Each structure stands twice: as structure tokens, then as C-alpha cells.
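First the structure, in the form of C-alpha cells, and then the observations on it.
The values are calculated or read from the model by the stated rules, or taken from the named source; none is laboratory data. In this text, all values refer to a predicted model and were calculated from it rather than measured experimentally. In this analysis, Cβ positions are derived from the backbone assuming ideal geometry, glycine residues included, and neighbour counts consider all displayed protein chains.
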Amino acid sequence: MNPSQIYIAMSIIVLAIIALLVFFGNKNKNKKEKKLTPLAGLAFGFILAGIIFGDDRLIGYSLIGIGVILAIIDIIKI
């Protein structure tokens, strides 16, 4: 195995462990879950669009920046 394959295998194992902790570690079911606000959804969409259109750096970074700004505004509003 070359180093990149080892890195990918380790990443998959770590992600699997995190997924198991998230699914089986949530013992407190009585806690109210907060729904995603429309502003947070819009921020998430801009960040995803920035990742998808990341080939052009100006467009990709601009979309990610807009998404981060919207997320910060949403955090401050709550």
C-alpha cells in the first residue's frame, strides 16, 4: 500500500467511528432538537455551491464567503 491508500483507509475508519458515536452516543432523547432556520439553509446552500463551483477560485471563494457571512448572521440572530 502506498501512503495515499493508507491515508484514505485511516480516514474511512475515523469517519466510521465518528458515525457510530453520533448514532449510538445520543442517549438524551428528551432534548428538544433545533430545526434548521431558512437563513442557515441558505448559508449551507451557498457553501455547497462554493465547493461545487470551486474550479474558478473567485466564484468558489465568493460563494463560500457569502455562506459563512450568512451563517454568522444566523448565529447572532439566535
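Can you pull out every residue in the stretch 20-49 that is at pLDDT 85 or above, small (Gly, Ala, Ser) and out of contact with any Asp or Glu (no Cβ under 8 Å at 6 or more places or on another chain)?
Answer for the stretch 20-49, where residues must be at pLDDT 85 or above, small (Gly, Ala, Ser) and out of contact with any Asp or Glu (no Cβ under 8 Å at 6 or more places or on another chain): Gly41, Gly45, Ala49.
For the stretch 29-51, does any single residue satisfy the condition of being more than 16 Å from the chain's Cα centre (by Cα) and among the polar types (S, T, N, Q)?
Yes, because at least one residue in the stretch 29-51 is more than 16 Å from the chain's Cα centre (by Cα) and among the polar types (S, T, N, Q).
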